[in-house]
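All remarks here apply to the structure that follows.
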Amino acid sequence: MPVARLAAGILMRSSEWLISKLLQNLRVPTRYPAFAHQRLAWIADSQIAYRLKRPWPDGRTELVLPPVTFLRRLCGIIPPPRRHLVRYAGVFGPASQARAKLRALVPARGSEPPPAAATPSGSTRAGRVPWAELLRRVFATDVLTCPCGGRRSVVAVVMDSAMARAALGLPCTPATFAPARDPPQAELWFDDTS
């Protein structure tokens, strides 16, 4: 036999009390609510009415559901925490056996430049995309293409700013500027101190 509780002056069965508490928590404003809270209402026979934005093709303007059914449907549209909202399944899934066959259907690009060379240390790690390839993807410009038609390669990576300035032919010390001065002030009649 369900336990009875006193909630808001009304004796309720424990399942009804739990549902009323859940629905109260659903009314707490959130940044991106799962549904429009203004359209939700209790109706006389312990049912929940949800007013629809537009009439459905069969002419219904509101959904009337028992509380448990409403909560089941609501839980169905709330995404699980810390999960991607878009998931791919079937052939488009990441572990599909048929991805190679699907890739074969995609036409090859004609003038794709060769992949970027290995890092200066000579190691290429799996899963790492070289910076030149990333720049080519984002800006559609191959930064390793030389104006003479050849390919550039990374010779050295300079981390010291003084060495970089010397290699680029820039002065090693930054330029010094005179301190800023006040603008010239015109003599105004209200500046008269006498």
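Read the figures in this text as sums done on the coordinates, not as results from a lab. Quick caveat, the model's predicted, so the values are computed rather than measured. Because the Cβ atoms are built from the backbone with ideal geometry, glycine has one as well, and the counts that use them run over all protein chains shown.
When the stretch 38-112 is described by a simple charge dipole with +1 on each Lys and Arg Cβ and -1 on each Asp and Glu Cβ, the residue from 61, 43, 95 located farthest towards its positive end is 95.
For the pair residue 89 and residue 68, label points projected 7 Å from Cα toward Cβ lie 2.6 nm apart. How would the stretch 130-171 be classified by its alpha-carbon gyration tensor: rounded, prolate or oblate, with rounded meaning a/c under 1.5 and the a/b versus b/c comparison settling the rest? Prolate, since a/c reaches 1.5 and a/b exceeds b/c.
Length gained on full extension, residue 82 to residue 175: 28.4 nm, using 0.36 nm per residue less the C-alpha separation. For the listed peptides 89-98, 35-44, a ranking on the average number of other beta carbons within 10 Å per residue, highest first, reads 35-44, 89-98. Length gained on full extension, residue 102 to residue 145: 12.3 nm, using 0.36 nm per residue less the C-alpha separation.
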